[in-house]
Amino acid sequence: MLASLRAIVQEVNSARSLPEVLTIIVTEVRSAMQAGVCSAYLFDETDQRYVLMATEGLRQESIGNVRLGMREGLVGLVAAKQEPLNLEDADQHPNFAYFEETGESPFHSFLGVPIIHHRKVLGVLVLQQETQRRFASEEEAFVVTVCAQLSGAIAHAEATGALRQLASAGRGKSREAIFQGIASSPGVGIGRAVLVSSSTDLSAVPERFTKDPAAEIKIFLEALKATKRDMRNLGDGLASKLSEEEFALFEVYIRMLDDRSLVREVKDAIKQGRAATSAWSSVILKHVRTFKKMDDPYLRERAADVNDLGRRVLGYLQAKDTEQTSLPRRIVLVGEDLSATALADIPVSRLVGIISLKGSSNSHMAIVGRALGIPTVMGAVNLPWTELEGQELIVDGSTGEVISRATRTVRRNYVQRQREERQFNKDLEKLRDIPCHTPDGKRFSLWVNTGLRQDTLQSLKSGAEAVGLFRTEIPFLMRSSFPTEDEQIEIYREQLVAFSPRPVTMRTLDIGGDKDLPYFPIEEENPFLGWRGIRISLDHPEIFLVQIRAMLRASEGINNLRIMLPMISNIPELERALQLIDRAYGELTEEEGYSIKRPLIGAMIEVPAAVYQVKEIGRRVDFLSVGTNDLTQYLLAVDRNNPRVADLYHTLHPSVLRALKSIIEQASSVKCQLSICGEMAGDPLSVVVLLGLGYETFSMSASSLMRVKSMLLNVSCKDAEILARRALKMPDSNAIYKFMAEALNQPEVAKLLSATPKRRTETSKLIA
Ligand code: PEP
Ligand code: MG
């Protein structure tokens with residue numbers, strides 16, 4: 001059964017449409033269960049009924065015609081109760097409804113299992129047998145497993161299919177489709193989709209077209225030639241280590257690439273207007289599917305070889321992707337798993353929106369989106385992204401919605417909203433030179449988080465008093481190898497000079513987690529709990545020392561450098577890092593004659609272990625900064641990058657607030673400077689809680705700075721303290737959020753709150 005399950009899942013995942021997905025499911029499940037009938041019913045939102053969408057065993061004419069109300073028939077009952085129903089004699093059940101057109105009269109036994117995705121019933125999978133017997137409990141368990149495993153694929157195919165249907169029904173007219181993701185950087189962006197495909201996954205190749213088939217065919221033939229050359233070299237290089245049989249496999253690969261009918265198929269598809277990447281991937285996927293269906297296990301296994309070969313050729317094709325060159329004037333960057341590296345290939349000045357299918361509002365791509373003030377939607381899991389190249393999209397970074405083929409009225413409304421937002425931001429800019437004091441005279445400091453060249457300018461304009469976090473890994477991400485000491489000096493010096501005499505806090509390399517350097521890939525099962533941040537730096541002192549030397553040398557004569565260490569989770573690693581910094585400083589000043597002022601050194605508090613050792617850490621450094629992004633994910637055991645659990649990621653969780661309170665108490669007791677540089681500091685509502693807890697220095701994306709300032713100019717410190725005290729006593733984050741939103745719902749601040757990304761909870765309605 002497990003083998004059948006795996007095969008079904010594999011096949012479904014490579015299908016490209018809803019009918020294809022459902023046909024595979026009913027065919028394969030019926031055959032695995034040796035049942036008479038397997039049918040799939042899906043809920044039709046418009047009709048509010050369950051519709052027979054695919055069947056093996058019932059009459060095909062009944063597809064689309066059999067429809068059952070919410071509680072009608074056995075299907076309606078299974079959906080309403082959200083649990084399996086296993087009957088030996090279905091016709092005796094009071095809920096039984098008979099549909100003559102299906103030809104189901106000979107079938108007596110019935111097993112219905114709900115298909116549930118993210119707590120929502122999508123439909124019901126039904127098995128029927130002629131014999132009067134209950135399905136065995138193992139059979140029931142198998143169908144439950146199939147439904148649970150495939151509900152995501154069905155939901156995705158449904159959403160994708162909806163877009164295609166709308167597109168064809170529209171016959172050129174504008175027909176709207178809305179996709180929900182996670183609101184990650186506020187504002188509205190309207191532009192044309194530019195797809196970024198970072199992997200050589202054949203099923204994630206963007207659908208692209210060409211106006212120059214001859215050029216694409218040439219590229220395709222060159223890619224084939226290059227791959228054949230690689231295979232030959234690889235085979236020759238391994239000749240002495242391989243058995244004759246294994247060696248022969250390389251010849252088989254080369255012959256596959258020489259196969260005339262395969263080449264012709266791809267060429268034909270290109271001649272019909274498809275780009276080489278699209279033509280190649282769809283032809284290869286078709287062959288992979290054919291191999292997978294073969295009865296002979298040896299041939300079935302060859303599916304993996306064809307797939308591998310396909311990926312190799314695709315790698316060459318992607319490197320030559322010519323269609324990318326003419327970029328639209330307003331770019332909406334779309335990708336399956338976008339990272340800041342994607343920005344290296346486009347003119348950022350033309351970027352108006354960012355959409356990623358993976359990731360969440362605390363992923364680093366979202367942080368970069370906020371830093372640049374670009375509307376961003378993450379976790380848009382159902383977006384049929386490979387088909388959107390060149391299409392106009394509206395990105396609503398405040399609600400998390402992506403709209404394709406918007407109607408004229410909807411588009412007009414969004415353009416109007418853009419105008420209002422621009423005006424709102426202009427009004428906020430007037431606050432730039434107002435001193436940072438709450439109405440009752442409490443002084444607060446607003447710092448910025450930087451990393452990209454492009455956000456430096458915005459940060460300077462925002463009137464920030466310092467850089468609280470310069471993410472040095474971002475310039476590292478944009479390159480194809482580690483920068484040399486001199487190259488790093490140039491990057492750091494530019495930053496230090498731009499902000500001088502204001503302090504600049506440079507964090508040492510914080511890679512790992514969701515920040516993978518293209519030239520230093522880290523493959524781990526559990527990357528956020530793995531080799532990250534300071535752990536990598538300490539394991540590679542040659543990389544760490546070069547970075548420290550570059551920072552120190554860059555600061556010569558400017559003297560505004562602060563160095564900060566990420567992911568500190570124990571004292572020995574802090575001490576080791578401090579020793580290495582001392583060593584670099586000593587070598588530069590005593591041995592090499594540089595005249596450099598010793599910078600302040602700090603540590604981040606972003607791991608729960610560090611929360612319990614703030615005093616010990618604080619005694620060893622000059623300053624501390626709380627990284628609430630990681631602290632929240634580790635305290636709540638919620639991956640900050642996973643859209644599936646995004647609803648559980650709350651910086652206003654009582655445990656996070658209690659940790660923040662403890663951190664400030666401990667830091668004050670050892671008189672260690674403290675700031676906060678996680679995204680929480682850039683959220684106008686949360687910042688009031690932080691002020692109430694005693695925090696005074698907030699470091700955030702430049703685009704959030706004026707909103708936060710506007711909030712703090714309006715809320716007295718005394719009120720903030722009362723609110724924070726009450727919030728600390730509340731049982732959960734929703735209660736805290738609701739309480740804070742209501743308390744701050746005065747005319748001056750309500751507009752501010754509505755301009756920040758909405759939380760995906762029912763409480764968000766309160767401030768909408
Ligand atoms: C944090 O974890 O809060 C932080 C500021 O660091 P990063 O988001 O870069 O991990
Ligand atoms: Mg962090």
Which of the aspartates and glutamates could a cross-linker span from Lys615 if the Cα-Cα distance has to be under 13 Å and same-chain partners fewer than 8 positions apart are dropped? Glu665
May I ask you to order 113-125, 254-266 by the average number of other C-beta atoms within 10 Å around their residues, highest value first? 113-125, 254-266
Average silhouette area of region 588-677, convex hull of alpha-carbon atoms, in square nanometres: 7.6
In terms of Cα to Cα distance under 16 Å, which lysines are near enough to Lys709, apart from those fewer than 8 places away along the same chain? Lys426, Lys430, Lys442, Lys461, Lys751
As I understand it, the dipole of region 479-584 uses +1 on the Cβ of Lys and Arg and -1 on the Cβ of Asp and Glu, about the Cα centre. Which of Leu561, Ile581, Ile522 lies farthest toward its positive end? Leu561
So how do Val656, Val78, Val144 line up by other beta-carbon neighbours within 10 Å, fewest first? Val144, Val656, Val78
Ellipsoid equivalent to the chain - semi-axes via the Cα gyration tensor, in Å: 49, 35, 26
Theoretical FRET efficiency, 1/(1+(r/R0)^6), r = Cβ-Cβ of Gln34 and Glu72, R0 51 Å, to 0.05: 0.95
Interchain or sequence-distant (5+) residues whose placed amide H lies within less than 5 Å of the amide H of Ile605 are Ser625, Val626, Gly627
List the lysines whose Cα lies under 26 Å from the Cα of Lys271, skipping any in the same chain that are fewer than 8 positions away. Lys211, Lys218, Lys225, Lys228, Lys286, Lys320
Note to self, the chain gives a 222 nm [θ] from helices alone (DSSP H runs n ≥ 4, -39500 (n - 2.57) apiece, / all residues, nearest 500) of -14500 deg cm²/dmol
Kirkwood Rh (inverse of mean 1/r, distinct Cα pairs), region 496-552, angstrom: 12.8
Pull out the extension gain between Asp47 and Tyr519, defined as 0.36 nm times the separation in residues minus the alpha carbon to alpha carbon distance; nm, one decimal. 164.7 nm
Amide H proximity to Asp44 below 5 Å, modelled H, separation 5+ or other chain, gives Arg49, Tyr50, Val51
Based on the alpha-carbon set only, what is the convex hull volume of region 579-639 divided per residue, in Å³? 100
Please work out the Kirkwood hydrodynamic radius for region 287-348, using every pair of different C-alpha atoms, and report it in angstroms with one decimal place. 14.8
For region 472-492, list residues with backbone N below 12 Å from a point placed 7 Å from the Cα of Ala344 toward its Cβ? 474-483
Residue span Asp201 to Val410: 0.36 nm per residue of separation minus Cα-Cα distance leaves a gain in nm of 71.7 nm
How large are Rg and Dmax for region 409-491 when only the alpha carbon atoms are used, in Å? 18.4, 54
To the nearest 20 debye, what charge dipole does the chain have about its Cα centre, counting +1 at the Cβ of each Lys and Arg and -1 at the Cβ of each Asp and Glu? 2700
Between the alpha carbon centres of region 201-222 and region 9-47 the gap in Å comes to 31
For region 2-167, alpha-carbon Rg relative to the globular expectation (2.2 N^0.38 Å, N residues): 0.95
Quick one: give the max-minus-min coordinate of the C-alpha atoms of region 1-78 along each principal axis, largest first, in Å. 36, 27, 24
Quick one: helix 684-693 against the long Cα principal axis of the chain, what's the angle to the nearest 10°, folded into 0 to 90? 50
Does anyone have the angle between helix 18-33 and the longest principal axis of the chain? Alpha-carbon axes, 0 to 90°, nearest 10? 60
Descending principal axes extents, region 208-324, alpha-carbon based, whole Å: 46, 34, 22
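Every read-out reported here was derived from the displayed coordinates using simple, explicitly stated rules and does not represent laboratory data. Quick caveat, the model's predicted, so the values are computed rather than measured. Ideal geometry is used to build each Cβ from the backbone, glycine not excepted, and the neighbour counts take in all protein chains shown.
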